[in-house]
Every structure is written in C-alpha cells, then in structure tokens.
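S.K.: The structure that follows is given in the form of structure tokens.
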Amino acid sequence: MAWKKYRFGTQFYDALSGEWAVYRSGRVAGIALMGLNAGDTVVDIGCGTGLSFELLVDAVGPTGQVIGVDASAQMLQVAAKRAVRNGWSNVRVVQADATQLSAADLAIDGSVPRVDALFSAYALSVMGNHSTVLARAQRLLAPGGRVGIVDMQRPVGAAKIFTPLARLACRMGGADIEAHPWEWLIQRAENVTQLSRRGGHIQAVAGTLK
Ligand SMILES: C[S@@+](CC[C@H](N)C(=O)[O-])C[C@H]1O[C@@H](n2cnc3c(N)ncnc32)[C@H](O)[C@@H]1O
C-alpha cells in the first residue's frame, strides 16, 4: 500500500516537495494541455494536499467542479483545509483507494456526477499499478473525456547529470522513476499532446479517450 507512506508529516509535504523549484512547472503544463472548459468536472487522482487545485479551479471556473481523490486521510485533511482557506466551494475531497475507485465513491446523495476529465500529478508512479488505476478511472469518464498525466522519469540529454537527484526525489516519495504512466495514455488516446519540463525529468501528457 504505497499511500501508507503518506500518513505522516503531511503538514510538511508542500514545503519538502520541491514544488516551486521543480514540480509546479509540470502541473502547469499538464493542466494547460488538457484544455479544460468552464463548467467541467475534473477528478484529481491521488490529489495529495491539493497542490493542483488552484490551477484546476481556474480552468473549470466557478460553475465547474474539482473532486480530489486520495487514499490518505491525512493528505486529504490538508487538501480540504486548502479548499476552505481559499473559498473554493466547488472543490471536494474523497477518500478512496484509486485501484478500487467506483462511481459510488464520487456520488453525492446517490447522484453520480458526469466526469469530463481525469487528472493526475506525481501520483500514478507511486501507486505501483497505474494501469489498473487508469482503466478503472476510464470507466467513470464521459465519452470524449480528457485525461492529463504529469509524472517523472530520468532526466535526458545534458540534464542526465541530475539523474542521482531525480532518483533521490522519487525514492523519497516512493515513486518508481521507470513507471512512465503517461505511456498508458499515449497508447489509447486521440489528440495526444506532450510537454517536457526540467531536463525531461517531468513529462506532461494529455489526450482524449473515447
Ligand atoms: C507524491 S504524492 C502526489 C500528490 C499530488 N498529486 C501532488 O501533485 O502533490 C502521491 C499521492 O498519491 C496517493 N496515493 C498513493 N497510492 C494511492 C492509491 N492507491 N489510491 C489513492 N491515492 C493514492 C498518496 O496518498 C499521495 O497523496
């Protein structure tokens, strides 16, 4: 259970995650590539402390919805506080294991929302079985829905000298640097777009699933 690593010290996650120096650039790229529309409902898989919420809220606007899913109650506590602090009344969090995610998990009062888009940043490489997670999430997605995946790999080209640092960052977060979860999307999606950041360490891929 990879998420069990994310039960302790969650109040320090944002400060220690290298967000502003390295990883924010990836979520900015991934969310831009998704081309979300005002009013969309987007599910953030493995949302953690909600570091992607602000960008997602901006993209879907006040009539859209952001649903953050994570297995760790402690990470979600930080995410929920972030939403309240910022007055994002269209953000809610759901505690669920993404490998078992079902429509019932997303329902409110028995009503399942239409899911227009799925997003995941730096979480699928932690989950170990990203193919299962993505196949399950695809079942919840409306036809023609957008999917955005942001995750890590070894740096390339001249940036290869930073490989030990990249490996250390992944090891500390429990991520498999060789997982390359975006490949699942590239193999199945239409209109695929891709951006690379931080010497290739960060890959952002978006596409449309039928
Ligand atoms: C490295 S953090 C990334 C969090 C956030 N997406 C971000 O960009 O900062 C990985 C997150 O995945 C969650 N996670 C790992 N396995 C999970 C699973 N099977 N189901 C749901 N969440 C899971 C962890 O609890 C953790 O919050």
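The values are calculated or read from the model by the stated rules, or taken from the named source; none is laboratory data. All values reported here derive from a predicted model rather than from experimental measurement. Quick reminder, even Gly has a Cβ in these numbers, built from the backbone with ideal geometry, and neighbours come from all protein chains shown.
S.K.: Collect the residues in region 1-29 that are at pLDDT 95 or above and more than 10 Å from the ligand (Cβ to nearest atom), keeping them in residue-number order.
M.R.: Answer for region 1-29, where residues must be at pLDDT 95 or above and more than 10 Å from the ligand (Cβ to nearest atom): S25, V28, A29.
S.K.: Turning to a different aspect of this structure: Would you check which residues across region 49-64 are out of contact with any Leu (no Cβ under 6 Å at 6 or more places or on another chain), more than 18 Å from E19 (Cβ to Cβ) and surrounded by 20 or more Cβ atoms within 10 Å (Cβ to Cβ) and list them?
M.R.: G64
S.K.: Something else about it: Where in region 37-154 are there helices (runs of 4 or more DSSP H), lying fully within it, with 1 or more residues that are on the phi < 0 side of the Ramachandran plot, near the ligand (Cβ under 10 Å from one of its atoms) and in contact (Cβ under 8 Å) with a residue 60 or more places away in the chain?
M.R.: 73-86, 124-127, 130-140
S.K.: Which one is surrounded by the most Cβ atoms within 10 Å (Cβ to Cβ), of the residues in region 199-210 that are at pLDDT 95 or above and not hydrophobic (A, V, I, L, M, F, W, C)?
M.R.: Applying the filter and picking the extreme gives H201.
S.K.: In addition: Looking only at region 1-26, which residues are in a helix (DSSP H, G or I) and under 19 Å from A80 (Cβ atoms)?
M.R.: W3, Y6, R7, T10, Q11, F12, Y13, D14, A15, E19, listed by residue number.
S.K.: Inside region 161-186, can you point out the residues that are in contact with a helix residue (DSSP H, G or I) (Cβ under 9 Å, 6 or more places away or on another chain), at pLDDT below 95, outside any loop (DSSP other than H, G, I, E, B) and not aliphatic (A, V, I, L, M)?
M.R.: Matches in region 161-186: C170, G173.
S.K.: Next question, about the same structure. Could you list, in sequence order, all residues of region 27-48 that are among the hydrophobic types (A, V, I, L, M, F, W, C), more than 16 Å from R114 (Cα to Cα) and buried (at least 24 other Cβ atoms within 10 Å of the Cβ)?
M.R.: I31, M34, C47
S.K.: So, in region 155-175, how many residues would count as being within 15 Å of the ligand (Cβ to nearest atom) and either of a type in the set (G, A, S) or buried (at least 20 other Cβ atoms within 10 Å of the Cβ) (or both)?
M.R.: The number of residues fulfilling the criteria is 6.
S.K.: Being within 19 Å of the chain's Cα centre (by Cα) and among the charged types (D, E, K, R) is the filter here, so list the residues in region 155-197 that pass it.
M.R.: Residues satisfying the conditions are R171, D176, E178, E183, R188, R197.
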